[in-house]
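Trainee: Can you read through this structure? Questions will come right after.
Quick note: the coordinates plus some simple rules give every number you see, no bench work behind them. All of these numbers come straight from a predicted model, not from anything done at the bench. Glycine gets a Cβ as well: all are built from the backbone with ideal geometry, and neighbour counts include every protein chain shown.
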Amino acid sequence: MIMVSMNTVLFISFTLFSIGVLGVLIRRNALIILMCVELMLNAANINLIAFARHSGTVAGQAFALLVMGLAAAEVAIGLALVVSLYRKKDTVQVDDINLLKG
Amino acid sequence: MPFAQALWESLARDSRLVTPVILLWLAGTLMLWPLGSLLLKRMPKDRWAFFTVAILLLSGWFVINTPNAIGFADMFRVDGVTKGFQILCIAAGILTVALGRQQLGALKEHSVEYYSLIIFSISGMLLLVGATDLVSIYFAVELMALCVYILVGYLRTQERAVEASIKYFLLGAFSSGILLFGISLIFAATGGTTTNLERLGQAIALAPGNQDLLVFSGVLMVLIGFAFKVAAVPFHMWSPDAYEGAPTPVTAFMSMAPKAAALAAFIRIFGTGFNGVAENWIAPLSFIAAASMILGNIAAFKQQSIKRMLAYSSIGHVGYMLLGVLAMDSQAGAQAVWFYMMTYLFMQAGAFAIVIYLQGANEGERIEDFKGLAKRRPLLAFAMMVFMLSLAGIPPLLGFFSKFYLFRLAIIEGYITLTVIALLTSAAAAYYYLNVVAQMYFKEPGEAAPPPVCICTKAIVALCSAVLLVGTAFGPWIMDWVGKIVWG
């Protein structure tokens, strides 16, 4: 079995997290922003699972499982909102929603 | 099955700590349950409002009678702070239901889902204020926020409601991603051993290796996540849009209940959990507090819409309340913030009740709509004046007292510069609050005849203004009472 050092884990999860954050900031499609948020959650999951294994406890792994469930709930609500936006405005580009400002 | 048995035993032992939450879950689920709605099909929809208020009152009674204890593997703690903030959240829920009944009836938008979402959201808040573990805090925050996202977009036929809910949702989900990553970094800094707030400090100290960077970035990300939730500058950009687009009762709800719950969690996390690593968050949090006071109050100057103005003013108020978090002394801080939040709740509920009343006449959105209200509805105008002056913190009203108490705590703790900024900005804030008063008293009213005032509006406005007017006379007594509640 290959032992992966904790710094590698942190590096990978941080890379994943940065991709997610950049995606949210750069992409203008609401669906892709949702996917990038999922990336951010999964980056955290990697940390949780790896460090739970590192310390030999299961609490972190249980936390990660719960986070997956929560991510599903979040996506369900997010997609419902995106659908209602599409019905209203025929677009899912966030740049096109600019009714409220000031 | 030792595992199942242990689970059952711990549930049987600890579920008494969360009886109000279980009650709310049962009620909310039953309301959504198809059979339940079939059975009650003949019932007019707005009866659900009474049902919801009854359930909330019952859960409030349970909150008061919950024993003080820690349970669920140290993840949930009931003490004075928990109970005090739980009662605030429930009161905000009751006020919201009362505020919304009339308007939702007029829009023919009454539905079971609206009330059950409010109930679920409040159950999340009740969990959040008692949560003592980063895990339970994260899930409680999400339970609370997910329901509010839907509530903001509740009037899905209105374009601006949909837009507001999308903006709120995307930024909220983004912030919860940051919050979770921060939690995972802190978990990593402890070497993967604990997320419990009480044990965090020790675990970080014991963990091998140099963890400074992990702790710093983790604490900073948790701070950012919570700053999003309470809408503090520079993470406030969702708040004015969400406030303006949401149905007005939901706007009132958002400005009261989730803020109270998130601030309670803020105090618990930073006062208890991150107390030992204070040098990492004192400076960023001071910056956030100062920026919220300054930017929130200045941006409120040029707003035409009263909902946006109240949104920016609530950003400013959050800045003041963050002084209580900065106090480090989590008991005294919680006491001051609790008192501030309680008076804030009454001021907001009253002000929004009047905005909703004017919306019944197709106005109330813009500050100009308050023109000449003193001639048309002298009592309402007087009450609005009380709310505005109290928000501004003019001395005889309770709003002054709560500000005074919070600022005094900040001075005792040595935040002189921040207190000076708070004083200056709250003096500047008087300008835009008084602008509303001037519109009501010194401008001529329009032609339209004023609509009748519904009984709910009357009751809320009377209750809130009475509390604000009479409260100061009983100041010392109230402070004793708050002390008793919060110190448990």
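Trainee: Under 14 Å between alpha carbons, and skipping anything fewer than 8 positions from A:K88 in its own chain: which aspartates and glutamates qualify?
Mentor: A:D96, B:E159, B:E163
Trainee: Additional query: Calculated FRET efficiency, A:T15 and A:M35, Cβ-Cβ r, R0 22 Å, to nearest 0.05?
Mentor: Here the calculated transfer efficiency is 0.85.
Trainee: Between the alpha-carbon centers of segment A:42-58 and segment B:238-288, tell me the distance in whole angstrom.
Mentor: A separation of 28 Å, based on Cα centres.
Trainee: How far is the Cα center of segment A:64-84 from the Cα center of segment B:304-349, in Å?
Mentor: Using only Cα atoms to place each centre, the spacing works out to 30 Å.
Trainee: Could you calculate the FRET efficiency of B:L30 with A:N7 from 1/(1 + (r/R0)^6), where r is the beta carbon distance between them and R0 is 41 Å, rounded to 0.05?
Mentor: 0.20
Trainee: Between Rg and the Kirkwood Rh of the protein assembly as shown, both from Cα atoms, what is the Rg to Rh ratio?
Mentor: Rounded to two decimals, Rg/Rh equals 0.96.
Trainee: Tally Lys/Arg at +1 and Asp/Glu at -1 over every other residue whose Cβ is under 15 Å from the Cβ of B:P395; what's the total?
Mentor: Result for the local shell: +2.
Trainee: So how tilted is helix B:378-392 from the main axis of chain B? Cα-based, degrees 0 to 90, rounded to 10.
Mentor: Roughly 30 degrees between the two axes.
Trainee: While we're on this one: Would you please give the FRET efficiency between B:A73 and B:I455, computed as 1/(1 + (r/R0)^6) with r the Cβ-Cβ distance and R0 = 45 Å, to the nearest 0.05?
Mentor: With R0 = 45 Å, the Cβ-Cβ based efficiency is 0.45.
Trainee: Same structure again: Whats the longest run of chain B with zero trypsin sites (Lys or Arg not before Pro) that are DSSP loop and have at most 13 other Cβ atoms within 10 Å?
Mentor: It runs B:109-488.
Trainee: I would also like to ask the following. Between B:L469 and B:I412, what is the label-to-label distance in nm when each label sits 7 Å out along the Cα-to-Cβ direction?
Mentor: Roughly 3.2 nm, to one decimal.
Trainee: Using the alpha-carbon atoms, what tilt in degrees (0 to 90, nearest 10) does helix B:159-189 show relative to the longest principal axis of chain B?
Mentor: Approximately 20 degrees, to the nearest ten.
Trainee: How tilted is helix A:6-26 with respect to the longest principal axis of chain A? Cα atoms for both, answer in degrees (0 to 90, nearest 10).
Mentor: In chain A, helix A:6-26 runs at an angle near 0 degrees to the longest axis.
Trainee: Semi-axes of the equivalent ellipsoid of segment B:348-488: what are they in whole Å, largest first, if each equals the square root of 5 times a C-alpha gyration tensor eigenvalue?
Mentor: 32, 19, 11
Trainee: Related question: If you rank A:L100, B:L358 by fewest surrounding Cβ atoms within 10 Å, what's the result?
Mentor: If I rank by nearby Cβ atoms, fewest first, I get A:L100, B:L358.
Trainee: Give, as a single signed number, the net charge of other residues whose beta carbon lies under 12 Å from the beta carbon of B:P67, with Lys and Arg counted +1 and Asp and Glu -1.
Mentor: +2
Trainee: Which whole-number value in Å³ per residue fits the convex hull of the alpha carbons of segment B:297-407?
Mentor: Per residue, the Cα convex hull of segment B:297-407 comes to 92 Å³.
Trainee: Now, a different point. From the P(r) of chain B, can you give the percent of Cα pairs sitting at distances over 35 Å?
Mentor: Summing the P(r) tail past 35 Å for chain B gives 29 percent.
Trainee: Through the Karplus equation 6.51 cos²θ - 1.76 cosθ + 1.60, θ set to phi - 60°, convert the phi angles of segment B:396-401 into ³J(HN,Hα) values in whole Hz; use x for Gly and Pro.
Mentor: Result, ordered by residue: x, 8, 5, x, 5, 4 Hz.
Trainee: Using label points projected 7 Å from each Cα along Cα→Cβ, tell me how many nm separate B:A438 and B:W481, to one decimal.
Mentor: Spacing of the two 7 Å Cα→Cβ label points: 3.7 nm.
Trainee: Another question about this same structure. From Cα coordinates alone, what are the radius of gyration and Dmax values for segment A:6-90 in angstrom?
Mentor: Looking at segment A:6-90, its Cα Rg and Dmax stand at 15.2, 51 Å.
Trainee: Additional query: Please compute the Cα-Cα pair-distance distribution of segment B:289-337 with 10 Å bins starting at 0, giving whole percents from short to long.
Mentor: Cα pair-distance distribution for segment B:289-337, in percent: 31, 39, 23, 7.
Trainee: If I model a spin label as a point 7 Å beyond the Cα along the Cα-Cβ vector, how far apart are those points for A:A72 and B:F50 in nm?
Mentor: 4.0 nm
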